[in-house]
1. Are there any pairs with C-beta distances below 9 angstrom linking a residue in region 231-250 that is under 24 Å from G211 (Cα atoms) to a residue that is among the basic types (K, R) and in a helix (DSSP H, G or I), with the two at least 6 apart or on different chains, and if so which?
2. Do the conditions hold for A29, that is, is it surrounded by 23 or more Cβ atoms within 10 Å (Cβ to Cβ) and in contact with a His (Cβ under 7 Å, 6 or more places away or on another chain)?
3. Select from region 231-242 the residues that are in contact with a helix residue (DSSP H, G or I) (Cβ under 8 Å, 6 or more places away or on another chain) and not polar (S, T, N, Q) and list them in ascending order.
4. Give me the pairs: first residue in region 109-126 and farther than 16 Å from M162 by Cβ and surrounded by fewer than 19 Cβ atoms within 10 Å (Cβ to Cβ), second residue charged (D, E, K, R) and at pLDDT 95 or above, beta-carbon distance under 7 Å, and six or more apart or on different chains, which are they?
5. Select from region 2-17 the residues that are outside any strand (DSSP E or B) and touching a Pro at 6+ places or on another chain (Cβ under 8 Å) and write down the one among them that is surrounded by the fewest Cβ atoms within 10 Å (Cβ to Cβ).
6. Look through R209, R173, R161 and report the one residue that is among the basic types (K, R) and touching a strand residue (DSSP E or B) at 6+ places or on another chain (Cβ under 7 Å).
7. In region 208-254, how many residues are in contact with a Ser or Thr (Cβ under 7 Å, 6 or more places away or on another chain), modelled with pLDDT of 95 or more and not in a loop (DSSP other than H, G, I, E, B)?
8. Look at region 39-57 and say how many of its residues are modelled with pLDDT of 95 or more, out of contact with any helix residue (DSSP H, G or I) (no Cβ under 6 Å at 6 or more places or on another chain) and assigned to a helix (DSSP H, G or I).
Amino acid sequence: MKPVCLVIGAGAGIGGNVGKRFAAGGYHAVLCRRSDEEGLQQLVAEIEAAGGSATGYLLNAVEQGSIEERVAAVEEEIGPVEVVIYNLGAQIGDRPLADTSYKAFEMGWQLATFGLFRTASAVCPKMEERGKGVILVTSATAAVRGNAGQHSHAAAMGGRRMLCQTLNAQFSRKGIHVVHVLIDGMVDAPDTLGKMLGPELFQDLRKQRGGEQDGLMLPEQMAETYFHVAHQHRSAWTHELDLRAFSDLAWWNH
């Protein structure tokens, strides 16, 4: 039986590419995303065509019981979840305080913080019983710096970072490795940055900074870091790291 890597937020960018990398590394990738069944099954087919194994499920993470039920089903029907990639974004775009509704603010918390809490509540007891497990959490610059217009995102991602720290404080000595991965830059991903900018601006940005210029972060290269960190020896675990393109200023220099 192959070890299972559960990806919550398996889009065409970071999540999908991380799922591919773990499948190539011998895992069965369980890929979950909110919508686009066709794109999800295409991702599964690509993994299988490359010799890996994967299954895909649509998952509305804010729906009550959805994460918990999926974890339980995977454990029962596929196998023990050894690695979780929590990759749900919570970006609603720049909005002044007056334009940030209660609903929009709460949605950021639901996706960034409460969803991670629910995921940890579902997988940590099982990992603790087995004495091992990895939870890799994709985060953002907003987790360490709150900018104007980022009321929902910064509050949500700051909570995500602190939750990773509390999980480590409780579970690290029990063999569960929790990693907060701070993405400090723009990712060449059509279903995140591409949707925020729109097709035309996204292609212009790719021409200016992408391709051989390496000014946009490439999801397939980022996936290598996720895979490496998941397999660190426990005497030298990384609990938080920053990823950015070589040409970008770090968040603390802005």
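The values are calculated or read from the model by the stated rules, or taken from the named source; none is laboratory data. It should be emphasised that the depicted structure is a prediction, and the values quoted were computed from it without experimental measurement. Neighbour counts are summed over all protein chains in view; Cβ atoms, including those assigned to glycine, are modelled from backbone coordinates with ideal geometry.
1. These pairs meet every condition: A245/R209; S247/R209.
2. When the stated conditions are applied, A29 does not pass them.
3. Restricting attention to region 231-242, the residues satisfying the condition of being in contact with a helix residue (DSSP H, G or I) (Cβ under 8 Å, 6 or more places away or on another chain) are 237-242.
W237, H239, E240, L241, D242 - these are the residues of region 231-242 that are in contact with a helix residue (DSSP H, G or I) (Cβ under 8 Å, 6 or more places away or on another chain) and not polar (S, T, N, Q).
4. K126/E75
5. The initial filter retains those residues of region 2-17 that are outside any strand (DSSP E or B), namely 2-3, 9-17.
Narrowing the set further to residues that are touching a Pro at 6+ places or on another chain (Cβ under 8 Å) leaves 3, 12-14, 16-17.
Working: P3: 14, A12: 19, G13: 25, I14: 27, G16: 28, N17: 24.
Once the filter is applied, the top-ranked residue is P3.
6. So the residue among R209, R173, R161 that is among the basic types (K, R) and touching a strand residue (DSSP E or B) at 6+ places or on another chain (Cβ under 7 Å) is R161.
7. 2
8. We begin by selecting, within region 39-57, every residue modelled with pLDDT of 95 or more; these are 40-57.
Those still in the list that are out of contact with any helix residue (DSSP H, G or I) (no Cβ under 6 Å at 6 or more places or on another chain) too: 40-42, 44-46, 48-51, 53, 55, 57.
Pick out the ones that are also assigned to a helix (DSSP H, G or I) and you get 40-42, 44-46, 48-49.
Count: 8.
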